[in-house]
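Undergrad: What follows is a single structure, and I will ask about it in a moment.
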Amino acid sequence: MAIRVGEGEWSYEVVENWAKLPPGWSFKEIGGIGCDRNDNVYVFNRGEHPMIVFDRDGNFLKSWGEGRFPRAHGVHMGPDDTIWLTDDADHTVRQCTLDGKVLLELGIPGKPAPYMSGEPFHRCTHTALSPKGEIFVADGYGNSSVHKYAPNGKLIKSWGGPGTDPGEFNIVHNITCDADGLVYVADRENHRVQIFDGEGRYQGQWNNMHRPCALCMPQGRRPVCYIGELGPGLSVNRNMPNIGPRIAVVDHTGKRLARIGSSKGPGLGPDEFQAPHGIAVDSRGDLYVGEVSWTNWPTFYPDKPRPDDLRSLHKFRKVEAV
């Protein structure tokens, strides 16, 4: 019998062993994930084959990006059948075709801007597009900034800085835009999602979450938002229940609609998480979650070796409301 997760309208069945990798291949862990208009799934991972593509049934289609991406971090699917890939170790954002041809590159490969300078990029994390095609980049681990670019790649403006006040950030980890042009930023270590207009003016924030890591907002006006919350990050709260890791589903005001994941904390079961880092939703409402379990394992289990079958990818099939 299938395992069910979620609540009410946001109920799902766990699809176990979904991705059919070629023999000997591994994701290691997954930085980002996306779905195209045909519901093919693009898994941006930190194994030997950085981009691995599957159909919606999990059949392997192709791979690309070998030797080009040292550390996969973020995926954004463009409306024009292109894919935007953010690499935090390479300090770059690349717009690619769905076959891997690079169309636009932002940043200088391998050359970070000075730490906390506010100049692009120092370990950038994710990319989003406005309805006008403007490019927003979350930056990231070595900066506390959001950068706005014109569609041709020209820098327009930047905003942010380290801190806890409105408009300041403590690890700008993810970013997305809605159909009205609002910009949503996962301010991870401040435990909030901040909201700005397209000019960087603060509009508000969502709270009541723990270390928001992944954001996924399907197209349309007033959409729901899927938020991947990391679990405990300190030894003193390592075993504390009810703070993640998990997925929250919220409406356009930030009101929580459902949660997916165990309230007991991290686990290795098919309905449990270690570190949800990337989320995608296909045209049927099925949910895909990529995790950075390999990196996060020592946080939860400092005295235990990583298991060989450490999970990094989940698929949840949407259950139709009765």
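The values are calculated or read from the model by the stated rules, or taken from the named source; none is laboratory data. Since the model is a prediction, treat every value here as computed from it, not as a measurement. As a convention, Cβ positions derive from the backbone with ideal geometry for all residues, glycine included, and neighbour counts pool all protein chains shown.
Undergrad: Return the total of residues in the stretch 202-223 being of a type outside the set (Gly, Ala, Ser), modelled with pLDDT of 95 or more and surrounded by 12 or more Cβ atoms within 10 Å (Cβ to Cβ).
TA: The total comes to 12.
Undergrad: So, one more: Among (1) closer than 19 Å to Ser130 by Cα; (2) in a loop (DSSP other than H, G, I, E, B); (3) touching a residue at least 12 places away in the same chain (Cβ under 8 Å), which single condition is Ala113 missing?
TA: Only one criterion is unmet by Ala113, namely (1).
Undergrad: Is it the case, given these coordinates, that Glu199 is surrounded by fewer than 17 Cβ atoms within 10 Å (Cβ to Cβ) and among the acidic types (Asp, Glu)?
TA: So Glu199 fits the description; yes.
Undergrad: Looking at the stretch 172-200, I want the residues that are over 13 Å from Gly160 (Cα atoms) and have a partner that is outside any loop (DSSP other than H, G, I, E, B) and acidic (Asp, Glu) with Cβ atoms under 7 Å, at least 6 apart or on another chain. Which pairs are those?
TA: Val193/Asp187
Undergrad: Something else about it: Return a yes/no flag: does the stretch 72-82 have any residue that is crowded, with 23+ Cβ neighbours inside 10 Å and more than 19 Å from the chain's Cα centre (by Cα).
TA: Within the stretch 72-82 (the criterion being crowded, with 23+ Cβ neighbours inside 10 Å and more than 19 Å from the chain's Cα centre (by Cα)), the answer is no, since none of the residues qualifies.
Undergrad: Search the stretch 256-270 for residues being out of contact with any Phe, Trp or Tyr (no Cβ under 8 Å at 6 or more places or on another chain) and modelled with pLDDT of 95 or more, and hand back the single one that is farthest from Pro305 (Cα to Cα).
TA: By that ranking, first place goes to Arg256.
Undergrad: Which of (1) closer than 18 Å to Ser26 by Cα; (2) touching a residue at least 24 places away in the same chain (Cβ under 8 Å); (3) surrounded by fewer than 17 Cβ atoms within 10 Å (Cβ to Cβ) is the odd one out, the single condition Arg311 does not satisfy?
TA: Of (1) closer than 18 Å to Ser26 by Cα; (2) touching a residue at least 24 places away in the same chain (Cβ under 8 Å); (3) surrounded by fewer than 17 Cβ atoms within 10 Å (Cβ to Cβ), only one is false for Arg311: (3).
Undergrad: Hey, Gly204 hits all of (1) small (Gly, Ala, Ser); (2) over 24 Å from Phe44 (Cβ atoms); (3) assigned to a loop (DSSP other than H, G, I, E, B) but one; which does it fall short on?
TA: (3)
Undergrad: I've got another one for you. Test Ile247 against the stated conditions and say whether it is touching a residue at least 60 places away in the same chain (Cβ under 8 Å), out of contact with any His (no Cβ under 7 Å at 6 or more places or on another chain) and either part of a strand (DSSP E or B) or of a type outside the set (A, V, I, L, M) (or both). Before you say what the answer is, go through the steps one by one.
TA: Numbers: touching a residue at least 60 places away in the same chain (Cβ under 8 Å): no; out of contact with any His (no Cβ under 7 Å at 6 or more places or on another chain): yes; either part of a strand (DSSP E or B) or of a type outside the set (A, V, I, L, M) (or both): yes.
It is false that Ile247 is touching a residue at least 60 places away in the same chain (Cβ under 8 Å), out of contact with any His (no Cβ under 7 Å at 6 or more places or on another chain) and either part of a strand (DSSP E or B) or of a type outside the set (A, V, I, L, M) (or both).
Undergrad: Filter the stretch 211-236 down to the residues that are part of a loop (DSSP other than H, G, I, E, B) and small (Gly, Ala, Ser), then identify the one that is farthest from Ser263 (Cα to Cα).
TA: Among residues in the stretch 211-236 that are part of a loop (DSSP other than H, G, I, E, B) and small (Gly, Ala, Ser), the one farthest from Ser263 (Cα to Cα) is Gly220.
Undergrad: Please go through the stretch 75-93 and give me each residue that is more than 19 Å from Ala214 (Cβ to Cβ), in a strand (DSSP E or B) and in contact with a Pro (Cβ under 9 Å, 6 or more places away or on another chain), ordered by number.
TA: Thr92
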